[in-house]
Amino acid sequence: MKNRLRAACLTYWVFLCVYAQADEQVYLAPEVFLAEAFGTPPPPTVLWITAAIQPDVEKILGHPPSKLRQRYWSDGIKTAWILDEIGKEEFITAGFIINNDHIEKARVLVYRESRGGEVRYAAFLKQFEGAQLSDQRRLTKRIDGISGATLSVWAMDRMARLALYFHRQAQK
Amino acid sequence: MTASKSHDARHRRRTIGATLHRVHRWMGVVVSLFVVFLVLTGWALNHAGTLDLGRISVRTPWIAAWYGLRGEVPATGHAASGRWLIGNEEGLLLDGKRIDAKLGAPIGMVSAKGQFYIASRDQLLILYSGGQVIERLNSADLPGRPITRIGLAQEKIVLQAGAAFATSDGVSWSPYQGEVTWATSQPLPADQLKAAQILAPSLSLERIVQDLHSGRVFGRYGPLLMDAVGLIFLLLAASGLWMFFRHRRR
């Protein structure tokens, strides 16, 4: 009996593992996102998250940054940022195109959480377009949430603010 | 005759009422423990985000064994500049210290200019020797995928991803042809084997609470048990309503 229970649990676990593996949804390949932004993407450059900007980054994210440098692409006027941020447990990968200190486009590239994937829809992402970063490091536009996807919405909000902040730093 | 029939009907109703009352009470006693259990686990799940249950890992051996997870701890690792890297899907350890980054199972590590380059099949992690993550390179940042080997050639880091590509900073890559010292895995020394134990399979506390709530923790028959408890809840509600309205009619 115990063996059968164990076998059932193991089967369930394997199913969950397979299900979890299959959970990673690539909605837009990063290469395609960059091609959308620039046509032919420029070579990447990096922004170092130095001790001077680290407190601001930490304030925006609500936790210390997970890395010391951030890659971006720039044609001199606009910049493209591919950022990772944890929604609930897994990283959400999102792309932001920043032009003249405002968000030109926001896209969800890879979604790994089991719930909250509605943040990928254009109706939600359009809200970010035109948003700028206020002096309090907030977005100048109100972003309406999605029921059941609160943590993913918050993660998108943090990434949008971070992309705007990084853009500002990269332009200096 | 009529009075006797009426008396019989009243007696029957009273007997049914008393039986139902007894059944109702016993059903209440039977499910009371489940109510407490379901309410507590339900509250925990409702506030799982606030309580951070998803990020609390449970490594208790008997729980892992109950779930059928066998202890697959790495027996090999990667050495570079006298430092040991051990890793699997559970995490990465550099000299026994956990690295705050997700990578998957590493295929190799090299060291150049005070930085460590750790490759998995589809990512490259760049670290300072203290373990601080400089950058994690994904598909868009890599010259190709899957990565099959990582090596060193004249202070340059070389990735085998179909063809071989070299970089000196992890940002720009160029095709490379030449001699490469490829990183290989090695059996772990005793102290590293001991450190590797923290990479044993784990479960998130949220997953365990979810399985307790749904009954799945008890295997195939657990959800059926919870279905039965749910049925008793329905019967309780029905008998409770019946008794309530019966009393009001009186």
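For the stretch B:72-97, filtered to residues that are assigned to a loop (DSSP other than H, G, I, E, B) and away from every other protein chain (no Cβ under 14 Å), the residue that is surrounded by the fewest Cβ atoms within 10 Å (Cβ to Cβ) is B:Gly82. Per the listing A:Glu118, A:Glu104, A:Glu89, the residue uniquely surrounded by fewer than 20 Cβ atoms within 10 Å (Cβ to Cβ) and within 13 Å of chain B (Cβ to nearest Cβ) is A:Glu89. Of everything in the stretch B:181-221 that is of a type in the set (A, V, I, L, M, F, W, C) and under 14 Å from B:Gly77 (Cα atoms), the residue that is farthest from the other protein chains (Cβ to nearest Cβ) is B:Ala190.
Listed by first and then second residue, the pairs with beta-carbon distance under 7 Å, at least 6 apart or on different chains, first residue in the stretch B:34-53 and part of a helix (DSSP H, G or I), second among the small types (Gly, Ala, Ser), are B:Ala48/B:Gly54; B:Leu51/B:Ala44; B:Leu53/B:Ala44; B:Leu53/B:Ser204.
In the stretch A:26-117, counting only strands (runs of 3 or more DSSP E) that sit wholly within it, the ones holding 2 or more residues that are more than 21 Å from A:Glu129 (Cβ to Cβ) and not charged (D, E, K, R) span A:45-48. Here the condition is being crowded, with 17+ Cβ neighbours inside 10 Å, within 14 Å of chain B (Cβ to nearest Cβ) and more than 27 Å from B:Asn46 (Cα to Cα); of A:Ala80, A:Ala155, A:Ala163, it holds for A:Ala80 alone. B:Leu224 meets each of the listed conditions (1) of a type in the set (A, V, I, L, M); (2) within 14 Å of chain A (Cβ to nearest Cβ); (3) under 30 Å from B:Leu85 (Cβ atoms); (4) without any contact (Cβ under 8 Å) to a residue 24 or more places away in the chain apart from (3).
Scanning the stretch B:109-137 for residues that are part of a strand (DSSP E or B) and not hydrophobic (A, V, I, L, M, F, W, C) turns up B:Ser111, B:Gln115, B:Tyr117, B:Tyr128, B:Glu135, B:Arg136.
Flag: B:Ala140 matches the condition of being part of a helix (DSSP H, G or I), at negative phi and over 18 Å from the mean Cα position of the chain (by Cα). Would you be able to say whether some residue in the stretch B:147-162 is crowded, with 19+ Cβ neighbours inside 10 Å and within 12 Å of chain A (Cβ to nearest Cβ)? No: the stretch B:147-162 contains no residue that is crowded, with 19+ Cβ neighbours inside 10 Å and within 12 Å of chain A (Cβ to nearest Cβ). Consider the stretch B:206-250 and keep the residues that are of a type in the set (D, E, K, R) and buried (at least 18 other Cβ atoms within 10 Å of the Cβ). The one that is farthest from the chain's Cα centre (by Cα) is B:Arg216. Exactly one residue among B:Ala105, B:Ala64 is in contact with a Gly (Cβ under 9 Å, 6 or more places away or on another chain), surrounded by 13 or more Cβ atoms within 10 Å (Cβ to Cβ), within 14 Å of chain A (Cβ to nearest Cβ) and within 30 Å of B:Gln186 (Cβ to Cβ), and that residue is B:Ala64.
Answer yes or no as to whether A:Arg71 is touching a residue at least 24 places away in the same chain (Cβ under 8 Å) and under 30 Å from B:Leu53 (Cβ atoms). So A:Arg71 fails the test.
Each reported figure results from applying straightforward, stated rules to the coordinates on display, with no laboratory input. Since the structure is predicted, the reported quantities are computational estimates derived from the model, not experimental observations. Note that each Cβ is placed from the backbone with ideal geometry, even for glycine, and that neighbours are counted across all protein chains shown.
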